[in-house]
Amino acid sequence: MTYVLIVLVLVVLGVLAWGVGAYNGFVRSRNVIQESWRQVDVELNRRYDLIPNLVETVRGYAAHERNTLEQITALRNQARALAGQAGGQPSEQRAAVESELTQAVHNLLVSVEAYPDLKSNTNFLELQRELTDTEDRIAAARRFYNANVRDYNTRVESVPSNIIAGFAKFEKATYFEVNDPAVRQAPGVNFGEISQRPASAPQVGQGLPQEPPVQAPQIQQQPFEQER
């Protein structure tokens, strides 16, 4: 009887130790997610601060880009308002607006290639460099944040850790994903064009047309004469 009680006590203590460890693990993961998100938010706010200067600089040289500049300004204001409403936390709506803002800024930087005077402006070149660096840091911080969210959500949904998650009310975290097709789409290869290439067209790495191979003369064998 005493042996059975000792075994039961050890089992209960083991379950309690596992539960405490699982709970502390959820707390650590949640704190890591919050810390990684703060880095994303810092870079997003830095982009908010750079965009007005970019818009004013481009406006003085590229009046034809007025619609693009207005779109960027509107998206920037909308993203900042959503950040304030959510207390700076990630949300699907904010992620969608941030994706549109990223694409709009990218399109603007591509369109200024048609304005040589703007491309030689020192202030614009500095803003372009800072924006490019900021976009790179946003992408890196977003990947780190999403990786932490994936690990945390996996533990929330997995057995048996989901028991502790449900009991302690640890809910799934929100991803901050980019829905920009230009970022996600991989370059494709059109094999149809390759198969329809004319036969006379030289292939890559092929020199002058080669002469047809010379066929060896065929030797006609004579039948053996029958021995007399």
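The values are calculated or read from the model by the stated rules, or taken from the named source; none is laboratory data. Quantities reported herein were computed from a predicted structural model and do not represent experimental measurements. Please note that ligands, DNA and RNA were not included when accessible areas were found on the heavy atoms of the full protein model with its side chains. Shrake-Rupley method; radii C 1.70, N 1.55, O 1.52, S 1.80 Å.
Brief remarks on what is shown
- Euclidean distance of C-alpha centroids, the stretch 46-70 and the stretch 94-144, integer Å: 11
- By the equivalent-ellipsoid construction on the alpha carbon gyration tensor, the stretch 1-139 comes out with semi-axes of 53, 14, 10 Å, ordered largest to smallest.
- Computed with a 1.4 Å probe on the full set of protein chains, the accessible area for Asp117 sits at about 110 Å².
- Solvent-accessible ranking of Lys172, Lys119, largest area first, probe 1.4 Å: Lys172, Lys119
- Per-residue 3J(HN,Hα) values for the stretch 74-88, derived from phi via the Karplus relation 6.51 cos²θ - 1.76 cosθ + 1.60 with θ = phi - 60°, read 5, 5, 5, 5, 5, 5, 5, 5, 5, 5, x, 5, 8, x, x Hz in sequence order (x marks Gly and Pro).
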